[in-house]
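Engineer: My structure is below; once you've seen it, I'll send some questions.
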Amino acid sequence: MNEKKDNGMSRRGFLDLSIKSTIATTAVISGFPTIVPASVFGKNAPSNRITIGAIGTGRISRGHDMPGVWKFDNAQIIAVCDVDSNRAKLAKDLVVDTYSKKNGKPYDGVNVYTDYRELLSNKDIDAVLVSTPDHWHAPIVISSVRAGKDVYMQKPASLTISEGRAMADAVKQTKRIVQVGSQQRSSWQFRYAAELVRNGRIGELKTVYVGLPGDPGGEVEPQMSIPSNFNYDMWLGTTPEVYYTEKRVHPQVGFDRPGWLRCEQFGAGMITGWGSHHIDCAHWAMNMEHSGPVEVWGRADFPKSGLWDVHGIFRTEAMYANGVKMVVTNEIANGIRFEGTEGWIFVSRGDASVTSSDPVAKQQAAKAIDASNPKILESVIGPNEIHLTESKDHHGNWLESIISRKDPIAPAEIGHRSCSACLLHHAAMKLKRRLYWDPKNEKFLNDPEANTLLSRPQRAAYAVR
């Protein structure tokens with residue numbers, strides 16, 4: 001039952017091709033815990049499912065990643081894990097309730113873990129969702145692919161550029177399927193905008209403007225007792241020991257937007273939080289997915305006091321080897337504006353959001369795509385022109401890739417490059433001077449101080465190796 005195919009396929013191999021052709025989005029592989037009878041799912045028997053464990057069960061997992069998987073009949077969440085045992089239990093309740101309602105009969109096939117390493121040791125699990133805070137993304141993905149699991153990981157790909165490189169290399173070495181949660185690639189308007197730019201509909205591309213949301217600072221917060229249900233030391237992971245206060249982490253009641261998003265210890269703020277989405281799609285249109293800028297500079301305001309210390313108002317700029325300039329700032333509309341010699345295209349999510357507490361949800365409804373001339377948006381990409389990979393569902397595309405063993409639409413290497421570009425802009429904010437970057441070797445040129453920003457000291461117990 002636990003045998004692997006030579007090509008890295010999971011436990012039970014491919015289903016019969018006739019089954020694949022009848023399933024809406026994906027085919028089905030792998031096994032399922034024997035504690036769940038096949039009669040529970042009828043023709044979509046447990047033996048025909050990709051079995052999945054959810055690591056990190058907070059806001060983004062409950063509102064986006066787990067729903068993104070359980071809507072497909074060819075996949076089954078059979079395990080949940082969170083260092084907050086209350087959240088882990090609530091996640092189990094959510095999954096059990098969802099499947100019970102979906103199938104019209106009681107269901108209790110979900111294991112609960114508080115240590116992701118124990119979940120990864122479960123050979124009945126084929127793949128995992130990694131929906132943790134940013135500083136845990138790369139370490140857990142590395143452990144997961146080495147354990148033989150395919151992965152859907154939330155963006156950004158890493159906390160540092162060196163971690164991201166280690167993650168991308170581990171994925172390549174293990175030949176696992178990893179989808180980075182850059183779900184804008186699976187939205188039609190971002191693909192269409194990229195195709196229009198790549199096929200010259202606005203002439204020669206000159207400048208790309210990336211508009212991001214902003215994050216406010218906060219007050220000093222008092223030290224609090226660590227809740228008995230929360231493994232705070234493990235939550236801190238590779239990062240330094242600091243006192244516990246609820247607003248540094250996540251709320252103990254409810255699933256509102258967590259405070260760690262505004263702490264530089266755990267991420268870089270909106271430059272990676274939303275920048276990973278928009279810069280990724282900009283790279284797609286620029287044909288720079290496997291590269292990055294060669295120069296970057298800019299400015300930023302940082303809070304002078306308080307718990308929340310990520311960047312405030314900022315404007316950074318970068319030059320690419322092909323002569324395209326990118327401007328990234330939170331002083332313009334949220335989205336991407338491509339300016340060429342013959343016009344412009346603006347693309348965004350419009351008024352769509354991933355979760356109800358996303359910053360975009362507070363904006364007024366906006367066009368998802370616009371252009372200097374309406375005829376640009378009436379353009380049909382011809383059969384002999386550049387057609388980019390099409391995906392109509394980001395989680396579904398991941399499941400398809402698990403079957404085919406072909407790269408998903410947002411593979412690890414591309415996600416790493418997008419995140420790296422964001423972190424280069426962050427480095428420019430910090431050093432407040434022009435930096436020169438070598439995309440091939442992933443080093444700053446003749447700048448030892450800047451190269452110290454490629455990694456961070458890591459606590460030994462959780463260090464990425």
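The values are calculated or read from the model by the stated rules, or taken from the named source; none is laboratory data. Only a predicted model underlies this, so the values are computations on that prediction, with no experimental measurement involved. When we count neighbours, we look across all protein chains shown, and the Cβ atoms used for this are built from the backbone with ideal geometry, even at glycine. Please note that ligands, DNA and RNA were not included when accessible areas were found on the heavy atoms of the full protein model with its side chains. Shrake-Rupley method; radii C 1.70, N 1.55, O 1.52, S 1.80 Å.
Engineer: Applying the selection to segment 66-88, what residues are under 24 Å from the mean Cα position of the chain (by Cα) and either surrounded by fewer than 16 Cβ atoms within 10 Å (Cβ to Cβ) or more than 24 Å from residue 254 (Cβ to Cβ) (or both)?
Structural biologist: 67, 71, 72, 73, 74, 75, 76, 78
Engineer: What do you reckon, is residue 58 at pLDDT 95 or above, under 23 Å from residue 183 (Cα atoms), of a type in the set (Gly, Ala, Ser) and touching a Pro at 6+ places or on another chain (Cβ under 7 Å)?
Structural biologist: So residue 58 passes the test.
Engineer: Please tell me if residue 291 is in contact with a Ser or Thr (Cβ under 9 Å, 6 or more places away or on another chain) and on the phi < 0 side of the Ramachandran plot.
Structural biologist: Criteria not met by residue 291.
Engineer: Which is out of contact with any Cys (no Cβ under 8 Å at 6 or more places or on another chain), buried (at least 16 other Cβ atoms within 10 Å of the Cβ) and basic (Lys, Arg), of 92, 123?
Structural biologist: Exactly one of 92, 123 is out of contact with any Cys (no Cβ under 8 Å at 6 or more places or on another chain), buried (at least 16 other Cβ atoms within 10 Å of the Cβ) and basic (Lys, Arg), namely 92.
Engineer: Between 124, 150, 134, which is acidic (Asp, Glu) and farther than 24 Å from residue 63 by Cβ?
Structural biologist: Just a single option satisfies the conditions, and that option is 124.
Engineer: While we're looking at this one, here's another question. Tell me yes or no: at least one residue of segment 263-282 is of a type in the set (Phe, Trp, Tyr), within 22 Å of the chain's Cα centre (by Cα) and open to solvent by 60 Å² or more (accessible area, probe 1.4 Å).
Structural biologist: No; the residues of segment 263-282 include none that is of a type in the set (Phe, Trp, Tyr), within 22 Å of the chain's Cα centre (by Cα) and open to solvent by 60 Å² or more (accessible area, probe 1.4 Å).
Engineer: Let me ask another. Taking the condition surrounded by 16 or more Cβ atoms within 10 Å (Cβ to Cβ), of a type in the set (D, E, K, R) and either in contact with a Phe, Trp or Tyr (Cβ under 8 Å, 6 or more places away or on another chain) or free of Cβ contacts under 8 Å to residues at least 24 places away in the same chain (or both), does residue 393 pass?
Structural biologist: Taking the combined requirement at face value, the residue does not satisfy it.
Engineer: List the pairs whose first member sits in segment 210-228 and is over 15 Å from residue 312 (Cβ atoms), whose second member is basic (Lys, Arg), and whose Cβ atoms are under 6 Å apart, counting only residues at least 6 apart or on separate chains?
Structural biologist: That search, which allows pairs on different chains as well, returns 221/247.
Engineer: Just checking, does segment 245-258 include any residue being open to solvent by 10 Å² or more (accessible area, probe 1.4 Å), among the polar types (S, T, N, Q) and out of contact with any Asp or Glu (no Cβ under 7 Å at 6 or more places or on another chain)?
Structural biologist: Within segment 245-258 (the criterion being open to solvent by 10 Å² or more (accessible area, probe 1.4 Å), among the polar types (S, T, N, Q) and out of contact with any Asp or Glu (no Cβ under 7 Å at 6 or more places or on another chain)), the answer is no, since none of the residues qualifies.
Engineer: When the residues of segment 175-234 are narrowed to those that are of a type in the set (Ser, Thr, Tyr), out of contact with any strand residue (DSSP E or B) (no Cβ under 6 Å at 6 or more places or on another chain) and open to solvent by 60 Å² or more (accessible area, probe 1.4 Å), which ends up nearest to residue 396 (Cα to Cα)?
Structural biologist: Looking at the filtered set, the residue picked out is 228.
Engineer: Identify all residues within segment 414-448 that are crowded, with 21+ Cβ neighbours inside 10 Å and within 24 Å of residue 177 (Cα to Cα); write none if there are none.
Structural biologist: Selection gives 414, 415, 416, 417, 418, 419, 420, 421, 422.
Engineer: Having 1 or more residues that are β-branched (Val, Ile, Thr) and over 20 Å from residue 339 (Cα atoms) is the bar; report the helices (runs of 4 or more DSSP H) wholly within segment 179-278 that clear it.
Structural biologist: By residue number, 270-273.
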